[in-house]
Structure formats: structure tokens, C-alpha cells
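Remarks on the structure that follows.
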Amino acid sequence: MFKFRIIGFILLMGLLGGIFFWSAGGKWLFLAAAPALVGAAVGECCAMLNKSGRPAYVLPTALAVWLVAVASLLAGFFKFEGFIHMAVILILLLILASCASLLTVKKEMLEKVLNSFGSGLLLTPSLVGLLLAYIPDPCGYWLIYLCLVTKATDTGGYIVGTLTSKLPGGNHKIAPNISPKKSYEGFVGGLLLSIIVSLAFFFCVPHAGLWWYILSAVVLSFGSFYGDLTESAIKRLCAIKDSGSFVPGMGGAFDVLDSFIYNGLLFWLLYTFKDVL
């Protein structure tokens, strides 16, 4: 398992390196890889529901989300004015199409439509927001910032949570029925590491004020934590350990993106007001 985790990590680093440092083709590599990852995450969510006896349409839902992601990125790449509005319109069309299908399907198909609709609505808006973080800066500054600050919560939480669990009496669990290992001590550790990473961006290459970087770290840390809890709740409901095997040794696409379930939209709100603070 450790060998495959190393392989998966190397593949991800190679992909990210190509996206951020290949000036001629980086954005096209991102266009190919990012929507595929998002579509796979949505498909995995539907597949988990299927395995637990809660039927959903895997392929149509994943394909619809993939098309929304591709169209949104193309609008951004070609400097289409209001590409954020394009993304919102596409998401609304997806929701309207799902709602319209509820009026036309047969009774025995209704549960599959509802489960598919729920999975798409849970993941699509925020994950598309995550992809669009790449657009404002062709060097990928904001996407790198969002990814590192978000994942710092996971890393800091894991390190501090593991260390404090070995103390006499252990640590204090937050939601043992959903995620038995998550603790208040680990959350504080993740929050502090997120703030440190965010401040590192401020002191190295500032694109906003100091208070914005601090506020952003706090908001994204909470978003990361609750995104992780959300996927844990779904996996516990479905009695599944990993959402899939999309990334060797690291689980599925949903496992990789769970911290971003809310952070895509949260980041766009923060980005909108970055010149205020």
C-alpha cells in the first residue's frame, strides 16, 4: 500500500508540475485533467450510493458535471467576459434539468434521479469554483494557495491529532460517530498550520492585505474540516472505506477532493472581497 501511495504522489506532483510550469500547454493539461477529476468524484459519490442499496445514475451524472466543468474553464481561458456568470448559468441549467426530470420519470426511477441530483448538487458548485481559481492568474498562484492552505488543515490535523492521541487519556473527539479519529486538538493544529501557510504566501508574494490572508486561512480551514467530515458521513452511511481507486494508493477522486467540497465557493467569496481587507 505504501508503494502505491508513493506512486500516486509522484503522479500527482508530475501533473501539477506540468500544469504550473509548462507555459505552452499547462492550461490545456489542466483543462484535460481537472474536469476529469471532478467528474470522477461525482461519479464515485453516485457509485457509493449504488453499493449501499441507494440507486443513482453514475455515468450521466458524472458526464453532466464534466461538461459543466469543461465549459466553465473554456469560458475562462478564452477571456469570455463574465465567465463566473457562465459557470453559475451552467450549474443552474444542470439543476433545472434535474428538476425537470423529476416530472417525467416513472415512479420506480424517482429514487435514482433524486440520489443523482443530490450528489451533483452537493459537489458541482464548489468543485467548479475550485477549478476557476486557476483562471485569475496564469501562473496558478490562487489555485496553489487554495490547495496548500486547504490541505494544511488535513496535514496539521493528522500530525497533532496523532501526537495528542498518545497522551494519557487521549484527545477529545469531535464527531466519533462520523470520524472517530478527528479531535479538537487536531483541528486546532490544522487551523494553526493553515494560518502559517497563508502567512507564508503573504510574506513571499502578497496579492492582498495581511488580515485577508488570516481570515482566508481561518475560513478555508473550517471549510476543509467540514468537507472531510461530509465525505466521512457519506462513506459511513454507505459502509465504504475508500470512494474508489482513481489515484493509486490514495483512494478515489472523492477522497482527494473531499476537503474542497465547500472551499471552492468559500474561496470565491473571499477572493471577491480581497481588496477590502
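The values are calculated or read from the model by the stated rules, or taken from the named source; none is laboratory data. Because the structure is a prediction, the values reported are computed rather than measured. Backbone-built Cβ (ideal geometry, glycine too); neighbour counts: all protein chains shown. When the accessible area is computed, the model is the full protein with side chains, heavy atoms only, and any ligands, DNA or RNA have been set aside. Shrake-Rupley method; radii C 1.70, N 1.55, O 1.52, S 1.80 Å.
Need at least 3 residues that are within 16 Å of the chain's Cα centre (by Cα) and touching a residue at least 40 places away in the same chain (Cβ under 8 Å) per element, so show me which helices (runs of 4 or more DSSP H) inside region 47-139 make the cut, counting only ones lying wholly within it. Talk me through it step by step, then tell me what you get.
Values: elements: 58-77, 83-104, 110-132.
Answer list for region 47-139: 58-77, 110-132.
Looking at this structure, is residue 8 modelled with pLDDT under 80, open to solvent by less than 40 Å² (accessible area, probe 1.4 Å) and touching a strand residue (DSSP E or B) at 6+ places or on another chain (Cβ under 7 Å)?
Values: modelled with pLDDT under 80: yes; open to solvent by less than 40 Å² (accessible area, probe 1.4 Å): yes; touching a strand residue (DSSP E or B) at 6+ places or on another chain (Cβ under 7 Å): yes.
Yes, satisfied.
With the condition kept exactly as written, say whether any residue in region 190-210 is more than 24 Å from residue 268 (Cβ to Cβ) and of a type outside the set (A, V, I, L, M, F, W, C).
no
Can you tell me which of (1) part of a helix (DSSP H, G or I); (2) open to solvent by 50 Å² or more (accessible area, probe 1.4 Å); (3) in contact (Cβ under 8 Å) with a residue 12 or more places away in the chain is the one residue 201 doesn't meet?
If we test residue 201 against (1) part of a helix (DSSP H, G or I); (2) open to solvent by 50 Å² or more (accessible area, probe 1.4 Å); (3) in contact (Cβ under 8 Å) with a residue 12 or more places away in the chain, just (2) comes out false.
Going residue by residue through region 139-156, is there one that turns out to be in contact with a Phe, Trp or Tyr (Cβ under 6 Å, 6 or more places away or on another chain), at pLDDT below 90 and open to solvent by 20 Å² or more (accessible area, probe 1.4 Å)?
Looking through region 139-156, none of the residues is in contact with a Phe, Trp or Tyr (Cβ under 6 Å, 6 or more places away or on another chain), at pLDDT below 90 and open to solvent by 20 Å² or more (accessible area, probe 1.4 Å).
Being in contact with a Lys or Arg (Cβ under 9 Å, 6 or more places away or on another chain) and at pLDDT below 85 is the requirement here; does residue 174 meet it?
On the way: in contact with a Lys or Arg (Cβ under 9 Å, 6 or more places away or on another chain): yes; at pLDDT below 85: no.
So residue 174 fails the test.
Run residue 101 past the list (1) among the polar types (S, T, N, Q); (2) in contact with a Leu (Cβ under 8 Å, 6 or more places away or on another chain); (3) at pLDDT 80 or above and report the number of the one that doesn't hold.
Every listed condition holds for residue 101 apart from (2).
From the list 166, 181, which one is within 22 Å of the chain's Cα centre (by Cα) and over 24 Å from residue 267 (Cβ atoms)?
Numbers: 166 fails: within 22 Å of the chain's Cα centre (by Cα).
Testing whether each residue is within 22 Å of the chain's Cα centre (by Cα) and over 24 Å from residue 267 (Cβ atoms) leaves just 181.
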